[in-house]
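Single-structure report; data block below.
The values are calculated or read from the model by the stated rules, or taken from the named source; none is laboratory data. For clarity, every value in this text was computed on a predicted model and none was experimentally measured. Glycine also receives a Cβ, built like all others from the backbone with ideal geometry; neighbour counts cover every protein chain displayed.
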Amino acid sequence: MNHRIIRACYDENTITVYQAFNKQISHSALEHQTFLSPPFKKERMTWIKPSFLWMMYRSGWASKINQEHILAIKIKHTGFLWALENSCLSHFDSNFHKSNEIWKENLNKAPVRIQWDPEKDILLQPMNYRSIQVGLSGIAVEKYVSDWIVEVEDITPYCKEIQNLIIDNKIDQVKDLLPQEITYPIPQNIKTHINYH
């Protein structure tokens, strides 16, 4: 379970991440192709996830309150890598951090937090490796909304289509529909920084 992989849909210029919001925020994001404040709250930490199935797990297939709309957001590689480089792990790890005090100091200073959570399969059961969640705050949110975002798309109907196929036990069709996420390349120095292994 300690194996960690960043898998994502990406092209030459962008990586796709997912977020879930209520109708007001999602409609504003679609209209402006970024997040405006209000209704989006820049002062809050906002979490982006490259894993589609982890987003489905977190949002209950777009059924949880204030998570009824799933957005697929293409952001620049430069922004995503900046976030990883300027991050701190959310939880202290005695095998990785030099001390609890140093970790706390870094956590308070870093504008980005990293969590490694068990990846999910089609039935949203945990798999044997972990996927990344990236929490943006402060200057990272400003960069995200003003520079990194290239495209915002509401994929809620697509998510519901997949969920209905799963309910109908049409798993082969689901596999054909799922986003084709592959291992995302990141430099070794960033891998070391985020305890990627």
For this session: Please list, ordered by first then second residue, the pairs with beta carbon atoms under 8 Å, 6 or more apart or interchain, first in segment 177-188 and under 13 Å from Asp11 (Cα atoms) and among the aromatic types (Phe, Trp, Tyr), second modelled with pLDDT of 95 or more and in a strand (DSSP E or B).
Result: Tyr184/Arg7; Tyr184/Ala8; Tyr184/Tyr10; Tyr184/Ile15
Seminar exercise, completed: Among Tyr144, Tyr196, the single one that is of a type in the set (Ser, Thr, Tyr), farther than 14 Å from Phe52 by Cα, touching a residue at least 24 places away in the same chain (Cβ under 8 Å) and not in a helix (DSSP H, G or I) is Tyr196
For this session: Return yes or no: is Leu84 closer than 27 Å to Cys9 by Cβ, within 14 Å of the chain's Cα centre (by Cα) and outside any helix (DSSP H, G or I)?
Result: no
Seminar exercise, completed: Within segment 14-41, of all residues that are part of a loop (DSSP other than H, G, I, E, B), touching a residue at least 40 places away in the same chain (Cβ under 8 Å) and in contact with a Ser or Thr (Cβ under 9 Å, 6 or more places away or on another chain), the one farthest from Ser131 (Cα to Cα) is Leu36
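Yes/no matrix, rows are residues, columns are (1) touching a Gly at 6+ places or on another chain (Cβ under 9 Å); (2) modelled with pLDDT of 95 or more; (3) over 19 Å from His77 (Cβ atoms); (4) surrounded by 11 or more Cβ atoms within 10 Å (Cβ to Cβ):
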residue: Lys98; (1), (2), (3), (4): no, no, yes, no
residue: Val112; (1), (2), (3), (4): yes, yes, no, yes
residue: Gln133; (1), (2), (3), (4): no, yes, no, yes
residue: Asp154; (1), (2), (3), (4): no, yes, yes, yes
residue: Glu161; (1), (2), (3), (4): no, yes, yes, yes
residue: Asp168; (1), (2), (3), (4): no, yes, yes, no
Exercise. Could we say that Trp47 is closer than 30 Å to Glu101 by Cα, at pLDDT 95 or above, outside any loop (DSSP other than H, G, I, E, B) and touching a strand residue (DSSP E or B) at 6+ places or on another chain (Cβ under 6 Å) here?
Worked result: yes
Exercise. Any idea which residue in segment 114-123 is farthest from Cys159 (Cα to Cα), counting only those that are hydrophobic (A, V, I, L, M, F, W, C) and at pLDDT 95 or above?
Worked result: Ile114
